[in-house]
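K.L.:
A single structure is presented below for examination.
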Amino acid sequence: MSKTFYVTTPIYYINSDPHIGSAYTTIVADVVARYKRMMGYDTFFLTGTDEHGQHVLNSARAAKKDPKVFSDELSRRFVDLWKGLEISNDAFVRTTDDYHVKTVQMFFQKMHDKGDIYIGKYEGWYCVNCETFWTDKDLDEDKVCPTCHRPLEHVEEENYFFRLSKYTEPLLKHFKEHPDFVEPDFRRNEMIRILEDGLEDISVSRTSFDWGVPVPFDPKHVVYVWFDALVNYVSAIGYGWNEEMFNKYWPADVHFIGKEINRFHSLVWPAMLMSMELPLPKKIFAHGWLTVNGEKISKSKGNAIDPRVLVKAYGMDAVKYYLLRDIQFGNDGNFSEDNLIVRINADLANDLGNLVRRTLSMISQNFDFLPNFSEIGAYDDELEKLTTETIKEYFKFMDEFNFTKALTNIWKLVKFGNKYIDLTEPWLMAHDDSKKARLATVLYNLSDLIRNVAIMLSPILVKTADNILKNMGQRFEGIETLGWHKTVPGVKITVGEPLFPRIDTKKWKKVINMTKEEDKKIEEKSQVTIDDFAKLDLRVARIVKAERIPKSEKLLKLILDVDGEERQIVAGIGKVYTPESLLGREIIIIYNLKPTKLMGIESNGMLLAAKDSDKLRILTVDGQIDTGAKIS
Ligand code: MSP
């Protein structure tokens, strides 16, 4: 039986816009999948999309689309994105897929049958954006989401609950017996602390909307989106529909995730599996968060850059190399375009590119074919020792997901290759027939070094490694061929184009336009004083009448009550809100705006709304307050 390896990424919220930070999980998982395939494992690499829940439903409604149609459109975006980033996933799971829905229902039914799911009343806080329940214990007075800092909704619902508390002790035992279960260790310790405080049962169904997997025995409930999503790791490999495939790959070897979703993966998911009497994943690796040029990634900062834009400018190999080399996997890290360029010029163009070009040029100038070694000489031992050591450590570091160390070591070998050329001075041997055998050996040794480096880099520098091997007439024929003096001599070689052209920083136009300094300048320029703000008279108003303005899709005429005064305003929100849905809503208006006419209709003020690229939401007040109340 062949060795298997099952690796997963989280499934992405279908309505999120992936940026370099969120794509990071998948980029790294792809490297691991490629490494394991190279090591001879029958590897299964899974990614997909998370499509149910209130947040997706709200987005679909705002886009005036049926949620399934909306999801179908958006899911394609992810399939295309991963293709554009050369991600080698073996399957793509969607939580709206039939087999997945059935598996979620099987989980829910079985856990209910054994008494681990029961009906109860939920009262607490909910973050629609993160689809996460919070208790008072987790929150400060301002009741904002600890993860995304958005205001929370207070919810009171009849819900099904999962008896998570029952699994506190079994989980603690598992953590103790499997010290590598959650990594890095500081994140494992965080989980152990939560366990030591004791877990509380969690709500696992919702009734206030219907975009989800129906609870099989009580279809007015839909399964909570996280319960639904976590099941993807087993539904996609056949649990409930392909026993053979499931037994082959489960338990997963590693779930790669970002740190903010660690609790769900390291506590809730294992408890669900215990309840189902299924084995637990072997490892959960929770990496840190990326910032871009030192700033949190956000649309408004202009740094939530589509990773394809970066890849178009620099190539996937370079972007991947930079991410894995400069950001210590596990910790938070900063993506800096300047540092990316430094890595391209110094490591890829200079160290690696020159080594390959110098070696292949000398071979083509002096031999018809790649020569064989015969005359061992100075520095050869050192080269052999370093090659063997680097390979040994490469396996160790790659198995630990310590990509920074693996790459730093490989670069020691690359640098030694350039030094070996300087020390052996092959150009001096070229014109002396008596030195031909030594010249052949030096060039063979260099080719061997380069071939080994190319194989080790191939899970990361996919295209570059392939190019190098092709130009040297070599083929990868199993991991046993990684090692000293396993290069096949006597084959035709091609010098080829430089691997990485140098970037001229003076002429180069960077793709992330917002540097920290620029950002600051813009922020400063747009700052207002408290006196500027005081000029605005913002007040609470209640919508008492709303109607469409004939011949306009967008404009609505609203009659407002502002502390007993009747006000008329025209608002451009008709594409998103129906007049009926606005009646009775308390909104915020600019009360002292100069009156104007829109399509001939007088507008005496303006309502406030929040807008991003595809959504629009009116601003309302949190709880009861008299109309006319001033905003300060
Ligand atoms: N749908 C859930 C996962 C369910 S898995 C059963 C989800 N989706 S997500 O789209 O919000 O996140 C996808 C991945 O992107 C997560 O691993 C998350 O940690 C990661 N990141 C999002 N922004 C990030 C950074 N700025 N930096 C690094 N990773 C971050 O969560």
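The values are calculated or read from the model by the stated rules, or taken from the named source; none is laboratory data. Since the structure is predicted, the reported quantities are computational estimates derived from the model, not experimental observations. Note that each Cβ is placed from the backbone with ideal geometry, even for glycine, and that neighbours are counted across all protein chains shown. Areas reflect the complete protein model, heavy atoms only, side chains present, ligands, DNA and RNA absent. Shrake-Rupley method; radii C 1.70, N 1.55, O 1.52, S 1.80 Å.
K.L.:
So, of the residues in region 164-183 that are closer than 11 Å to Asp201 by Cβ and crowded, with 19+ Cβ neighbours inside 10 Å, which turns out to be farthest from the chain's Cα centre (by Cα)? Outline the logic, then answer.
P.N.:
Going through region 164-183, the residues closer than 11 Å to Asp201 by Cβ turn out to be 164-168.
If we keep only those that are crowded, with 19+ Cβ neighbours inside 10 Å as well, we get 164, 167.
Values: Leu164: 28, Tyr167: 29 Å.
Restricting to residues being closer than 11 Å to Asp201 by Cβ and crowded, with 19+ Cβ neighbours inside 10 Å, the top hit is Tyr167.
K.L.:
Also, I was wondering about something else. Can you find a residue in region 162-180 that is within 16 Å of the ligand (Cβ to nearest atom) and out of contact with any Asp or Glu (no Cβ under 8 Å at 6 or more places or on another chain)?
P.N.:
No, there is no match, as no residue in region 162-180 is within 16 Å of the ligand (Cβ to nearest atom) and out of contact with any Asp or Glu (no Cβ under 8 Å at 6 or more places or on another chain).
K.L.:
I've got another one for you. Working only within region 7-17, note down all residues that are near the ligand (Cβ under 7 Å from one of its atoms) and part of a loop (DSSP other than H, G, I, E, B).
P.N.:
Ser16
K.L.:
Being of a type outside the set (A, V, I, L, M, F, W, C) and in a helix (DSSP H, G or I) is the filter here; which residues of region 312-342 pass it?
P.N.:
The answer is Lys312, Tyr314, Asp317, Lys320, Tyr321, Tyr322, Arg325, Asp326, Glu337, Asp338, Asn339.
K.L.:
Hey, among the residues in region 120-138 that are within 12 Å of Ile202 (Cα to Cα), of a type outside the set (Phe, Trp, Tyr) and touching a Ser or Thr at 6+ places or on another chain (Cβ under 9 Å), which one's modelled with the highest pLDDT?
P.N.:
Gly120
K.L.:
Out of Val69, Val28, report the one residue that is modelled with pLDDT of 95 or more and within 14 Å of the ligand (Cβ to nearest atom). Steps first, please.
P.N.:
Details: Val69 fails: within 14 Å of the ligand (Cβ to nearest atom).
Result: Val28 is the single residue among Val69, Val28 that is modelled with pLDDT of 95 or more and within 14 Å of the ligand (Cβ to nearest atom).
K.L.:
Take the residues of region 612-623 that are under 19 Å from Leu152 (Cα atoms) and exposed (fewer than 10 other Cβ atoms within 10 Å of the Cβ): which is modelled with the highest pLDDT?
P.N.:
Selected residue: Asp622.
K.L.:
Output the residue which, of all residues in region 186-231 that are within 16 Å of the ligand (Cβ to nearest atom) and part of a loop (DSSP other than H, G, I, E, B), is surrounded by the fewest Cβ atoms within 10 Å (Cβ to Cβ).
P.N.:
Among those residues, the one meeting the criterion is Trp211.
K.L.:
Asn242: farther than 30 Å from Asn331 by Cβ and without any contact (Cβ under 8 Å) to a residue 60 or more places away in the chain, yes or no? Lay out the reasoning, then the answer.
P.N.:
Working: farther than 30 Å from Asn331 by Cβ: yes; without any contact (Cβ under 8 Å) to a residue 60 or more places away in the chain: yes.
Answer is yes for this residue.
K.L.:
Considering only region 31-47, state which residues are in a helix (DSSP H, G or I), open to solvent by less than 10 Å² (accessible area, probe 1.4 Å) and either near the ligand (Cβ under 10 Å from one of its atoms) or more than 20 Å from Gly330 (Cβ to Cβ) (or both).
P.N.:
Selection gives nothing.
K.L.:
So in region 285-311, with the set limited to residues that are within 11 Å of the ligand (Cβ to nearest atom) and in a loop (DSSP other than H, G, I, E, B), which one is nearest to Lys176 (Cα to Cα)? Outline the logic, then answer.
P.N.:
Start the filter on region 285-311 by keeping residues that are within 11 Å of the ligand (Cβ to nearest atom), which leaves 285-292, 295-298, 303-304.
From the residues that got through so far, the ones that are in a loop (DSSP other than H, G, I, E, B) too are 288-289, 296-298, 303-304.
Values: Gly288: 23, Trp289: 27, Lys296: 35, Ile297: 36, Ser298: 38, Asn303: 41, Ala304: 39 Å.
In this case the residue turns out to be Gly288.
K.L.:
Identify the single condition in (1) free of Cβ contacts under 8 Å to residues at least 60 places away in the same chain; (2) assigned to a loop (DSSP other than H, G, I, E, B); (3) surrounded by fewer than 16 Cβ atoms within 10 Å (Cβ to Cβ); (4) not polar (S, T, N, Q) that Asp626 does not satisfy, given that it satisfies every other one.
P.N.:
(1)
K.L.:
Could you list, in sequence order, the residues of region 425-461 that are farther than 17 Å from Lys385 by Cα and hydroxyl-bearing (Ser, Thr, Tyr)?
P.N.:
Within region 425-461, Ser434, Ser458 meet the criteria.
K.L.:
Residues of region 352-373 being touching a helix residue (DSSP H, G or I) at 6+ places or on another chain (Cβ under 8 Å) and closer than 25 Å to Ile479 by Cα, which ones? Working first, answer last.
P.N.:
Initially, region 352-373 is screened for residues touching a helix residue (DSSP H, G or I) at 6+ places or on another chain (Cβ under 8 Å), giving 352, 354-356, 358-360, 362-363, 366-367, 370-373.
Residues satisfying the conditions are Leu352, Leu355, Val356, Thr359, Leu360, Leu370, Pro371, Asn372, Phe373.
K.L.:
Here is a check on your reading of the model: is Ala236 touching a Pro at 6+ places or on another chain (Cβ under 9 Å) and crowded, with 18+ Cβ neighbours inside 10 Å?
P.N.:
Details: touching a Pro at 6+ places or on another chain (Cβ under 9 Å): no; crowded, with 18+ Cβ neighbours inside 10 Å: yes.
In short, no.
K.L.:
Looking at Lys137, Lys110, Lys83, Lys102, which is the one that is under 30 Å from Val319 (Cβ atoms) and out of contact with any strand residue (DSSP E or B) (no Cβ under 6 Å at 6 or more places or on another chain)?
P.N.:
On the way: Lys137 fails: under 30 Å from Val319 (Cβ atoms); Lys110 fails: under 30 Å from Val319 (Cβ atoms); Lys102 fails: under 30 Å from Val319 (Cβ atoms).
Matching residue, one of Lys137, Lys110, Lys83, Lys102: Lys83.
Each row is one residue, and each column tells you yes or no for (1) without any contact (Cβ under 8 Å) to a residue 40 or more places away in the chain; (2) in a helix (DSSP H, G or I).
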{"site": "Ala440", "(1), (2)": "no, yes"}
{"site": "Asn445", "(1), (2)": "no, yes"}
{"site": "Asp448", "(1), (2)": "no, yes"}
{"site": "Pro459", "(1), (2)": "no, no"}
{"site": "Ile468", "(1), (2)": "no, yes"}
{"site": "Arg475", "(1), (2)": "yes, no"}
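K.L.:
Follow-up question, since we're still on this one. Which residues, taken from region 232-284, are under 20 Å from Phe175 (Cβ atoms), basic (Lys, Arg) and away from the ligand (no atom under 12 Å from the Cβ)?
P.N.:
Lys282, Lys283
K.L.:
For region 343-357, check the following and say yes or no: at least one residue is β-branched (Val, Ile, Thr), surrounded by fewer than 17 Cβ atoms within 10 Å (Cβ to Cβ) and in a helix (DSSP H, G or I). Talk me through it step by step, then tell me what you get.
P.N.:
First, pick out the residues of region 343-357 that are β-branched (Val, Ile, Thr): 344, 356.
From what's left, surrounded by fewer than 17 Cβ atoms within 10 Å (Cβ to Cβ): none.
No, region 343-357 has no match at all.
K.L.:
Something else about it: Output the residues belonging to region 325-358 that are touching a Leu at 6+ places or on another chain (Cβ under 6 Å) and over 19 Å from Pro498 (Cα atoms).
P.N.:
Arg325, Gly333, Phe335
K.L.:
Any idea which residue in region 281-310 is most open to solvent (accessible area, probe 1.4 Å), counting only those that are over 14 Å from Gly21 (Cα atoms) and at pLDDT 95 or above?
P.N.:
Taking the candidates together, the pick is Lys282.
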